Every structure is written in C-alpha cells, then in structure tokens.
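Taken together, the values in this text are just the output of simple stated rules run on the coordinates, not laboratory data. Everything numeric in this text was worked out from a predicted model, so none of it was measured. So basically every Cβ, Gly included, is an ideal-geometry build from the backbone, and we count neighbours across all protein chains shown.
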Amino acid sequence: MSSLLLTSSGFYTQDIKNQFLNFIDRDISQLKVAIITTASPMRGNNRYAQKAMQDFKDMGFQHIKFVDIEFDDPQILLHTDVIYINGGNPFTLLYYAKKSGADEIIKTLAAQNVIIVGVSAGTLLLGPNINIVNYFTPEMNTIDITDFSALGVTDKLIFPHYDREDIFKDSMNRTIEERIAAFETNENCRVTRLRDDEYISILKNQTQ
C-alpha cells in the first residue's frame, strides 16, 4: 500500500500530523526519513525544512536527513521509508527531479510501501503537471523549463495555498478563485483547491 499526504504547508495542524501518523504501522524510531530541500531557498537551512526536521524528531523519528537532488545522489531515496518533499520553487524542483533521475525513483517508491508527503511545490511535483504554476507565477520559472509535465503519482491537479490571497497578487485584481476558474476553462480541467490547513490523503494498492 502506498501512502500520499498532499499539503500546502506540511505538518501545519495537529490534524495533519495525526493523519500522517495514521500511515505508520512500524516502529517510528527505526524508520528513515528523507526531506527533499531542492525547491527551497537556502535548501536545508530553509526555515520550513528546519521545522519539518523538528516535527519529525518530535514525533519520535531518529533517522532523518536532508536530501538535495541537485547535488545528492537520488539513489539515497531508495533506502528511506518516508519522503517529505519540501516547498519552494516548483520549476526548480521539477527540473532537478528530472535531471537527477529522482522523478523515476519517486514514482517507483510511490508504488511501494513508502510514505510520501508533498508540501506546496512538493505536492505539485506529484501531480500530472505544473501548468497552473506557470499560469499564476510564470516569473518563478527562472530556470526556463518548457516541459511542465510532472510525476503523475496522483492525477489530481492541486492548487496549494488557496486561502492566501496575500501571496498571489494579480495586476487585474482578480481573486484566486476567479483566476483558477479561468484556468479550468482554458485548460478544460478540474483543479482541487487546498487551503493551508487542509490535506489530501491518498492510499493506493500496490497492484493498481
């Protein structure tokens, strides 16, 4: 059984932590966690990455490491039980996931007994594409990628931070909802809105 926990802001509430802990059926102290920091400003020194590290420690995990797939061998991920994909720049994350081969490794692990937590950009990476990021914040594409297809671990198109009008300013003063609705019409798709205090939990049989 593969387990996905898709979030905007990681372990933002106790409810989200509890849902994550519900996935655990083994001795937490023995499990190995990898926090992928590649999307984050300052990588492992990013405050959200540091908070994730502390959250895992507080839950009883003892084997936690930061992994930056721009520089680290993604084969490291094959020896983990939990993969936590931190937020930041989705374009940067997608580029290095593909360049390093981490994309194929994560897809393989998603079909096994590995728990994967997506946070913002990490959640977007696990979906079918990041077209909506290019629609909302094309200026973030400083790496100039043109292929926005993502890992497709889930077929859900998710918009994280749906309740954060403050971080998605629009020159035409449209709300987030108005812009998503326009995107859905243009792309003939359905977007799942995800607030900072919400999560999506997905369990898949390995045979699926």
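Of note:
- For region 57-178, the share of alpha carbon pairs falling in successive 5 Å distance bins from zero is 2, 10, 20, 23, 18, 13, 8, 5, 2, 0 percent.
- Calculated FRET efficiency for the pair Lys65/Leu203, C-beta based, R₀ 30 Å, to 0.05: 0.70
- Summarising the overall dimensions of region 1-70 from its C-alpha atoms, the Rg and Dmax are 12.2, 34 angstrom.
- Computed magnitude of the charge dipole of the chain (debye, nearest 20; Cβ of K, R +1, Cβ of D, E -1): 300 debye
- The label point for Asp147 and the one for Phe168, both projected 7 Å from the Cα toward the Cβ, are 2.7 nm apart.
- Sum of side-chain charges, Ile143 neighbourhood, beta-carbon under 13 Å (Lys, Arg +1; Asp, Glu -1): -2
- Rounded to the nearest 0.05, the FRET efficiency derived from the C-beta distance between Gln50 and Arg190 at R0 = 45 Å is 0.80.
- Taking the empirical scaling 2.2 N^0.38 Å for compact globular proteins as reference, the chain has a Cα radius of gyration ratio of 0.97.
- Over 25 Å between alpha carbons, listed pairs Lys17/Lys169; Lys107/Lys156; Lys17/Lys51; Lys65/Lys107: Lys17/Lys169
- The chain: relative contact order in percent, alpha carbon pairs under 8 Å with at least 6 residues between: 29 percent
- Dipole size of region 107-208 about its Cα centre, with +1 on Lys/Arg Cβ and -1 on Asp/Glu Cβ: approximately 380 debye, rounded to the nearest 20.
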